[in-house]
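Chemist: Please find one structure pasted underneath; my questions will follow.
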Amino acid sequence: MPSRPLRNVSKDDLKEKARLIRRDTVRLTDICGSGHYGSSFSMAELVASLYFQFLHVRPEDPKWADRDRFLLGKGHAAIGLYPVLADLGFFPKSWLDSYTRLNSPLGDHPDVKKVPGADFSSGSIGHNLSVSVGMALGLRLKGSPARVVCMMGDGEQTEGQIWEAAISGAHWGLSNLIGIVDINGAGSDGDPQETMRTEPLAEKWRAFGWEVIVLEDGHDFDQVQDALNRALNGPGEAPRCVLAYTVAGKGVSFMEGTWQWHLGYLGPKDLERAYAEIQAGDIG
Amino acid sequence: MTAEMKAGLDLAESTVTEEFDEKTWDMVVSLGLSRQLTTGTTLLELADSGQEDIVVCTADLGRPTQVEAFGRRYPDRYFNFGIAERNMIGAAAGLAAVGYLPVISNYSFFLALMGVENIRNDICYPGLPVKMVGTHSGIAMGFYGTSHHCCEDIGALRTMAGLNLMAPCDGMAITSALRSLIRHPEPIYFRAGRGREAPIYQAPFDFRIGGSNTLREGRHATVLAIGNLVKAGLDAAETLSEEGVEVTVVDMYSIRPIDREAIRKATAEHGVIVSAEEHNVTGGFGSAIAEVIAEEGLGARLHKVGMPDQYSILGPPTHLYAHYGLDGAGVASAVRTALRG
């Protein structure tokens, strides 16, 4: 299986990158008047670790053939991905100010045609793991060292197509394919486990032929680094799935662990409170 | 099954006897009848000629759509997803996104109807060069019933920006289409039949996006046809000629974009146009013709031959074609009605 070196990044730097994701999520939601706080905050540590420690990408050459791919199946959390792509230099930071405004490249979901660094579009839940299977097949056929990482939501696990893709990833032994499930317990209608139970997910993914890595605290950088390293750098010949248990809205006290902030909009008073909590926070 | 049929199918290991029973419907015999499904042989020829980026995807239909031979020679570039069409479509998009040239070969009703949203979001929107061959379209599956009929794919796919929609009417047309368009940079859906169609073309031709082939010319009316109805149009022209009525027959193999010039020419010459398709007359090929006539203010009356706006009854395919007037007699009757005004 492909394996690529990690970058040495201090935990303090990673914490600051996660703060950047949360701050910009609040700021961009304010521009738009609506946004998915909960889903962005829950993946902040995972995305910071992926992009600043693990993924081999070239912002100056976003279509570099051997880049690692990152597909955001839970596309409604794009608001948490854009600040990272801008920070890395995939596109000017000024683009963030145009978030969701008329003809902006940055909408509620990532768009491969408009956003440098977005490896595929999403928005229709359940599609991106299949696209990742195709990419992993093709990259392996080319002998590329690239890995394909697909971040899914826990609500997304109810989509039948996820399991079609899981079957095929295992059938073809795609060891360059990594799934991450951000299990934040928040969906449009409440906790996905209440809406339609998909647990026990570890048994399911294992039964589908994937190596399962349970990440008990998706906000603890030591645990995150360990889980992602096992997922992205093996060993093993099977595709791997990280079940990342996280907290929706993590980092802002009144949003944490609630589904009500899956999608919403902070008023001016709460906005300042959220900024203050994010800045003072020491997650990870 | 005849030796000739066996030879064309790579059935050296088959236990099928030389005896051919028309009433037997086992798969091997069925494959032998689908001789116009030339997708596999054409892709083999293209791959053999050095096009190493061609990959073939199917969903447990590599045999009936006749692309399995590609998989035998190029197993690394042949992906059978099992009965998981939406996963196949997404993965084909992924293969295209990393630089391959995927060709999907599957039944049209599962590919275009079940997979319609995946085709839209994963292939058409990003504009990936995936080639989709939807076979067994229309009511060719006869007694398999409604689930296996596909009279809606043109309607569903004609609204998709960036998608080219082609209808090769026989094996030579499929071969021509793939040879001409395999490297076209945009997505294309090829609407093919069950492979039992009567051959129309004796030689390959330049299959052009936005093109058409005028197969016969006459001074009284024009039949604009696709798929199986091209043969029906030619049969109708033969019958009508004996009655003193001369009909132009055009194979309008490019449904989207459509050959507007061919429609202008037909309306200028006759004012009597018959569209003919094995698809619901609502939202299909005839509707595309109607749009051009209306938009350009062309002086013609359009008579649409196709499936009525209802689900087909079941029966042997040839019986169904006769029942719904999708054969020479049906088209001839439509032309007579059209000429009576």
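The values are calculated or read from the model by the stated rules, or taken from the named source; none is laboratory data. As the structure is a prediction and not an experimental result, all values here were calculated from the model. Note that we place each Cβ from the backbone using ideal geometry, even for glycine, and neighbour counts take in every protein chain shown. Ligands, DNA and RNA are excluded from the accessible area calculation, which covers all protein heavy atoms including side chains. Shrake-Rupley method; radii C 1.70, N 1.55, O 1.52, S 1.80 Å.
Chemist: Label the protein assembly as shown by shape, choosing from rounded, prolate and oblate, from the square roots a ≥ b ≥ c of the eigenvalues of the Cα gyration tensor; if a/c is under 1.5 it is rounded, and otherwise prolate applies when a/b is larger than b/c, oblate when it is not.
Modeler: Numbers: a/c = 2.59, a/b = 1.89, b/c = 1.37.
It comes out prolate by the Cα gyration axes.
Chemist: Here is a further query. Counting other Cβ atoms within 10 Å of each Cβ, which chymotrypsin sites (Phe, Trp or Tyr not before Pro) in segment A:197-256 have at most 15 and sit in a DSSP loop?
Modeler: Answer by residue number: A:F254.
Chemist: Compute the FRET efficiency between B:D48 and B:Y311 as 1/(1 + (r/R0)^6), taking r as their Cβ-Cβ distance and R0 = 41 Å, and round to the nearest 0.05. Please list the in-between numbers first.
Modeler: Working: r = 43 Å, r/R0 = 1.04.
In this case the efficiency is close to 0.45.
Chemist: Roughly what would the spin-label model give for A:S34 and A:F254, points 7 Å off Cα along C-beta, in nm?
Modeler: In this crude spin-label approximation the distance works out to 2.1 nm.
Chemist: Pop a pseudo-label 7 angstrom from the Cα along the beta-carbon direction at both B:F143 and B:I83 and give the gap in nm to one decimal.
Modeler: 2.1
Chemist: Further, regarding this structure: For Cα pairs less than 8 Å apart in space and 6+ apart in sequence, what is the mean separation divided by the residue count of chain A, i.e. the relative contact order in percent? Each step should come with its number before you reach the end.
Modeler: Working: 585 pairs, mean separation 68.4, N = 284.
Relative CO of chain A lands at 24 percent.
Chemist: Sorted by average packing, counted as other Cβ atoms within 10 angstrom per residue and highest first, what order do B:320-328, B:203-211 take?
Modeler: B:320-328, B:203-211
Chemist: Follow-up. Need one number: buried accessible surface between chains B and A, 1.4 Å probe, both sides summed, DNA, RNA and ligands left out, in Å² to 100.
Modeler: So the total buried area for this chain pair works out to about 2000 Å².
Chemist: In Å and from the alpha-carbon atoms only, list the Rg and Dmax of segment B:34-191.
Modeler: 14.0, 41
Chemist: Let me ask another. Just to make sure I understand: if all protein chains stay in place, what is the order of B:T318, A:T100, B:T38, B:T135 by accessible area at 1.4 Å, largest first? Don't skip to the answer; put the middle values down first.
Modeler: Working: B:T318 100, A:T100 45, B:T38 25, B:T135 0 Å².
So, going from the largest accessible area down, we get B:T318, A:T100, B:T38, B:T135.
Chemist: To make sure I understand the rule: partners must be lysines, Cα under 27 Å from the Cα of A:K15, and not fewer than 8 residues away in the same chain. Which ones qualify?
Modeler: Counting by Cα, and skipping residues close in sequence, A:K15 has these lysines nearby: A:K74, A:K93, A:K250, A:K269.
Chemist: Counting GluC sites (Glu not before Pro) as exposed when in a DSSP loop with at most 14 other beta carbons within 10 Å, what is the longest stretch of chain B free of them? Provide the component values of the computation, followed by the final result.
Modeler: Details: sites that count: B:E13, B:E18, B:E19, B:E22, B:E52, B:E217, B:E243, B:E246, B:E296.
Looking at chain B, B:53-216 is the longest stretch - no exposed GluC sites (Glu not before Pro) with at most 14 other Cβ atoms within 10 Å.
Chemist: Just the number please: accessible area per residue for segment B:99-245, 1.4 Å probe, all protein chains included, in Å². Present the calculation step by step, with values, prior to reporting the outcome.
Modeler: On the way: 4610 Å² over 147 residues.
It amounts to 31 Å² per residue over segment B:99-245.
Chemist: Over chain A, what is the percentage of antiparallel beta bridges among all DSSP beta bridges, to the nearest 5?
Modeler: On the way: 2 of 23 bridges.
Close to 10 percent.
Chemist: Where does helix B:285-295 land angle-wise versus the long Cα axis of chain B, in degrees 0 to 90, nearest 10?
Modeler: 50
Chemist: Summarise the partner chain shielding of B:47-59 as one whole number: the mean count of Cβ atoms from other chains within 10 Å of each residue's Cβ.
Modeler: Numbers: counts 0, 0, 0, 0, 0, 0, 3, 0, 4, 0, 2, 0, 1.
The mean count of partner-chain Cβ atoms within 10 Å per residue comes to 1.
Chemist: May I ask you to give the percent of accessible area on segment B:124-188 that is carbon plus sulfur, with a probe radius of 1.4 Å? Could you put the intermediate results ahead of the total?
Modeler: Working: 1000 of 1700 Å².
C and S atoms contribute 59 percent here.
Chemist: Separate question: Mind listing the long-range amide H neighbours of B:F207? Cut-off is under 5 Å, sequence gap 5 or more, other chains count too, H placed in the peptide plane at 1.01 Å from N.
Modeler: B:S180
Chemist: Using a Förster radius of 22 Å, what is the FRET efficiency between B:R264 and B:L339 based on their Cβ-Cβ separation? Nearest 0.05, please.
Modeler: On the way: r = 20 Å, r/R0 = 0.93.
FRET efficiency, B:R264 to B:L339: 0.60.
Chemist: Counting only other chains, what is the mean number of Cβ atoms within 10 angstrom of the Cβ of each residue in peptide A:162-168? Don't skip to the end; give the middle numbers.
Modeler: Numbers: counts 1, 2, 11, 7, 1, 4, 9.
The mean count of partner-chain Cβ atoms within 10 Å per residue comes to 5.
Chemist: Per residue of A:118-128, how many C-beta atoms from partner chains lie within 10 Å of its own C-beta, taken as a mean?
Modeler: Numbers: counts 0, 3, 7, 5, 2, 2, 6, 0, 4, 9, 3.
Average neighbour count from other chains, rounded to a whole number: 4.
Chemist: By how many nm would the segment from A:K63 to A:M196 lengthen if fully extended, with 0.36 nm per residue of separation less the alpha-carbon distance?
Modeler: Numbers: separation 133, 0.36 × 133 = 47.88 nm, distance 3.82 nm.
Stretched out fully, the A:K63 to A:M196 stretch lengthens by 44.1 nm.
Chemist: Is there a pair in A:K63/A:K114; A:K17/A:K63; A:K63/A:K113 whose C-alpha atoms are over 19 Å apart, and which pairs would that be?
Modeler: Those over the limit are A:K17/A:K63.
Chemist: Next question, about the same structure. Could you tell me the calculated FRET efficiency between A:E272 and A:D226, based on Cβ-Cβ distance and R0 = 41 angstrom, to the nearest 0.05?
Modeler: Details: r = 36 Å, r/R0 = 0.88.
For A:E272 and A:D226, the calculated efficiency is 0.70.
Chemist: I want the antiparallel fraction of DSSP beta bridges within the protein assembly as shown, as a percent rounded to 5. Don't skip to the end; give the middle numbers.
Modeler: Details: 8 of 63 bridges.
In the protein assembly as shown, approximately 15 percent of DSSP beta bridges are antiparallel ones.
Chemist: Given the C-alpha centroids of segment A:94-141 and segment A:218-275, what is the distance between them in whole angstrom?
Modeler: 20
Chemist: How much accessible area per residue does chain A have, counting only protein heavy atoms and a probe of 1.4 Å, in square angstrom? Before the final figure, lay out each step's value.
Modeler: Working: 10430 Å² over 284 residues.
That works out to 37 Å² per residue.
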